[in-house]
Amino acid sequence: MRFLSLKKSAKEDQKVINDPPAAEIAVRPVGLRALPRRQLLITFAGVMLAMFLGSLDQTVVGTALPQIITDLGGFAHYTWVATAYMIASTIAMPITGKLTDMYGRKWFYIAGLSIFMLGSLLCGLSQTMTQIIAFRGFQGLGAGIMMANAFIVVGDLFPPSERGKYQGLVAGVFGLSSIIGPTLGGFITDNISWHWVFWVNIPLGVLILGLFVFFFPDLRPSEVKHKIDYPGMVTLVLAVVTTMLALTWGGVEYAWISPQIIGMFAFAAAMIVLFVMIERRAPEPIIPMWIFKNRIISLSTFIIFITGFGMFGGIVFIPLYFQGVLGQSATASGSFLTPMMLGMVAGSIISGQILSRAGGHYKLMGIAGLAIMALGMLLLSQMSVETSNARAVTNIVVIGFGLGVTMPLYIIAIQNAVPYSVLGIATSSSAFFRSIGGAFGLAIFGSVMNNHFASEFMGGLPAQAKEVIPPQVLDSLTHNPQALLSTGAEAQLRSIFENLGPQGATLFQQVFETLKVALNSAITQVFLIGFIVVVTAWVANFFLKEIPLRKQH
């Protein structure tokens, strides 16, 4: 009886995904034509290279930012170089997915690559911080179009039963770029110029552009007149921009309960409600709400969101742990992340191969992958100031492998659960919700860490030190453990205690250790919350229905 019930439920899910509203049937594309093997492999190689180019840019630029700030000034706008790129690329994803479903992928891919290359050229030519922030946003728009298309095109080229092998490779590109990016960016900045961190994209971009122009199949949907959902597009952009700005500024530029942040969140909520209302009535919505009636899609999207929340929010604090608690240099802390990224690459490739060759059991693999991720987060939450480098690296390798295992799974589950007419928007929505989840995680975890650090530091600080340290210095230490991260700040703090005689050195050491213990406690608190979030995803995975992967489009 249980088997019959499950079978019936699976059929009902299949009916939901195969019977879209009449408005969607009108734009259903003709199928995918088989490509010669040589063209297929060259096309896939182009997709991999474009994905590598887009993801590499995010890590390469990070190491060049300090030099860019030195040359152009504007330290107060430091984070905006990354924020502009992130907001633009996030906005581009769902819109690109929908438009490529309507008009085909090829020329959007070429347009995205061209925008990215032009943005790279302009970034390298920037003379002010305002210019580079604007051009990074423009470049991010092109990157978002490229990255949204990457996973979609794998769905175009291969049926669901074979996608695991290739989605795993594409996901592994993210990890590979994270390994190569920081080292390459540092080398270019130190030996040539930060301008070439951007310009290095152009020669590779020209090669990839040639591959797309001559080999990428120009497969287009059925020739019908389309109606672009402009109201949905506008409300989506307004909702995303205000949400991302509120998450970026909250606790930094303005207090979380300030009128500015509350107002932005309220405006974003109103835009989301309006967006949903518009999408329910639009003939060709940007994100068709009916696809979320399928539990496979809604649950997979939920898991992707909270996985992004828990993991991409938590992982940001790993370098801070290596530098502030274990006392490693910035360069060394970056190199310690390499094993984690190698674990992610290995997990992605192994996961994709098993998924395609062992019957497509994405639910079982999700249970295993999320369990490994949760174990890694739990191990990180148990670390202390006495933890060795070897143990810390082992813990982050566990997280990297678990993250790699899960990355291809839910995209394939979603692609398998939608008709081909909405493959693009369904796939790009998964990347969109992962980015939004990561932004929420980063903002909330950052706030938790700052508050926990302040309370732990003040609670553990010797009373004598509170009397000696000037109020403004004490306030600075409470909100920023800079003495742990900068030798200059450490020397400045040490000088305060030098005039106290023999007890000054001892008191300084106590304050320094209090800083380190407080930072360790704050970061491990973040990892513990990340563990709880990943466990939530693991529990949700048990409710995910598993239907056989289709062997054709």
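Read-outs throughout are calculated quantities, based only on the coordinates presented, and are distinct from any laboratory measurement. Everything numeric in this text was worked out from a predicted model, so none of it was measured. FYI the Cβ positions are ideal-geometry reconstructions off the backbone, even for glycines, and counts take in every protein chain you see.
Annotations
- Three-way shape label, segment 186-330, alpha-carbon gyration tensor, a/c 1.5: oblate
- Neighbour-count ranking [beta-carbon atoms within 10 angstrom, fewest first] of Glu467, Glu253: Glu467, Glu253
- Legend: Rg and Dmax of segment 230-282, from Cα coordinates, 12.2, 39 Å.
- From the alpha carbon centroid of segment 261-308 to that of segment 494-525 is 48 Å.
- For the pair Gln492 and Val393, the difference between a 0.36 nm per residue extended length and the Cα-Cα distance amounts to 32.5 nm.
- For the peptides 502-508, 102-108, 243-249, 518-524, the ranking by mean Cβ contacts within 10 Å, running from highest to lowest, is 518-524, 243-249, 102-108, 502-508.
- Cα gyration tensor, segment 100-191 - rounded (a/c under 1.5), prolate or oblate: oblate
- Each Lys or Arg adds one and each Asp or Glu subtracts one; over the other residues with Cβ under 11 Å from the Cβ of Met289, this totals +2.
- Ordering Lys227, Lys545 from the fewest to the most neighbouring beta carbons within 10 Å gives Lys227, Lys545.
- Given Lys98/Lys545; Lys363/Lys545; Lys106/Lys293; Lys98/Lys225, the pairs whose alpha carbons are separated by over 19 Å: Lys98/Lys545; Lys106/Lys293
- Formal net charge of residues neighbouring Gln323 (Cβ-Cβ distance under 15 Å; K, R +1; D, E -1): 0
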